[in-house]
């Protein structure tokens with residue numbers, strides 16, 4: 001009866017182990033090779049991940065607001081304004097970030113004409129309200145401010161619009177004329193909102209409904225404010241990054257990464273044998289999951305980002321090494337394989353968490369005080385650390401326990417531990 005229960009447990013462990021290996025193998029194959037299934041094409045990760053300027057070339061422009069004191073709201077409005085203007089250039093994967101108290105950096109991959117870009121970004125905002133027949137009704141000079149707010153009656157989010165004295169008169173005439181019709185708002189000839197007039201508004205206060213989220217309402221309000229209160233900006237730094245650098249650097253980085261990961265795999269196998277093999281399988285999952293998160297989050301991969309990614313592979317391995325060394329210690333003390341695996345994992349847990357939390361805090365500080373590529377390095381490092389904790393503490397543990405239950409790991413030598421024959425028999 002006892003033997004039957006053991007065989008049944010061994011069968012379940014074997015089936016689950018094979019299933020996990022198959023899933024990880026499929027993810028790895030799809031991620032690194034891609035495949036076609038009917039009319040659908042699953043592209044490899046290197047084809048869909050966003051690459052930064054240093055990998056594909058382009059233009060980096062640092063703009064500065066020409067004003068002595070700039071409020072955070074004005075800086076955010078200027079950023080939204082510039083983001084919208086960049087999007088009108090038809091450039092994908094553009095990164096717009098703020099630096100300091102009044103600077104905005106715009107990284108535009110794949111572009112080479114820096115003069116055209118600087119001229120476009122330096123223009124003042126042109127906010128216009130137009131009637132359904134295209135007639136200009138108001139301009140940005142007529143708007144006092146726009147604010148994202150909660151609709152108290154119907155729920156959801158809206159934009160509260162406040163006009164100055166001249167704007168109030170113009171808006172009263174326009175809303176009286178176009179009740180039941182749309183008045184569209186354009187910034188630099190691009191429509192940002194097109195609300196329908198419900199009633200005539202004569203007090204200079206209006207609400208624009210229809211925002212799907214608070215973030216969308218804030219963005220639209222920021223665009224209206226940037227057009228209503230145009231802030232002069234000037235390019236203080238322009239950098240052209242050639243595509244030749246990326247053409248050489250990216251393949252070399254991939255090659256270095258493959259060699260580095262390969263050496264790590266061999267190290268784990270040589271020092272920890274079958275337990276090391278479980279770590280290598282978990283590490284494969286870690287690499288795939290990290291790259292998938294990069295794509296979903298929209299991380300722009302740069303050379304510092306690649307360095308951070310390779311660094312996190314070392315962090316992921318470090319968790320396994322701490323765990324496995326503690327397991328070796330328990331085996332040398334004479335514990336059974338199953339007991340040593342359990343006790344080793346428990347003893348290593350605090351060290352693994354402490355080291356990873358310390359690195360996570362350091363990367364968080366880098367992200368908060370850094371800018372540009374430093375932020376990219378930090379966010380790549382943070383994502384890698386979180387995923388490495390999952391694969392190191394959960395996936396590797398599951399794989400090792402299943403391997404023990406199914407009889408794949410049965411004696412200390414499978415962990416790379418050499419005992420005397422008498423001790424090994426006792427273990």
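Let's test the formula: R0 of 25 Å, r as the Cβ-Cβ distance of residue 215 and residue 101. What FRET efficiency results, to the nearest 0.05? E between residue 215 and residue 101, to the nearest 0.05, is 0.65.
Per-residue ellipticity at 222 nm for the chain, helices alone: DSSP H runs ≥ 4 residues times -39500 (n - 2.57), over residue total, nearest 500 deg cm²/dmol?
-19500 deg cm²/dmol
Relative to the longest principal axis of the Cα atoms of the chain, the long axis of helix 165-177 makes an angle of roughly 90 degrees. GNM remark for the chain: springs join alpha carbons under 10 Å apart, and the peak mean-square fluctuation among 417, 118, 199 falls on 199. Shown for 103, 205: other C-beta atoms within 10 Å of each C-beta, ranked fewest to most, produce the order 205, 103.
Taken along its principal axes, the alpha carbon cloud of region 228-331 reaches lengths of 71, 35, 21 Å, longest axis first.
R0 = 30 Å: FRET efficiency of residue 238 with residue 44, Cβ-based, nearest 0.05?
0.30
By the equivalent-ellipsoid construction on the alpha carbon gyration tensor, region 300-381 comes out with semi-axes of 35, 12, 6 Å, ordered largest to smallest.
Taking the inverse of the mean reciprocal distance over all distinct Cα pairs, the Kirkwood hydrodynamic radius of the chain comes to 25.9 Å.
Inter-part distance, region 141-174 to region 294-312, computed on C-alpha centroids, equals 42 Å. For the chain, the relative contact order works out to 19 percent when only alpha carbon pairs closer than 8 Å and six or more residues apart are counted.
Just so you know, all these numbers are worked out from the coordinates, no wet-lab data involved. All of these numbers come straight from a predicted model, not from anything done at the bench. Glycine gets a Cβ as well: all are built from the backbone with ideal geometry, and neighbour counts include every protein chain shown.
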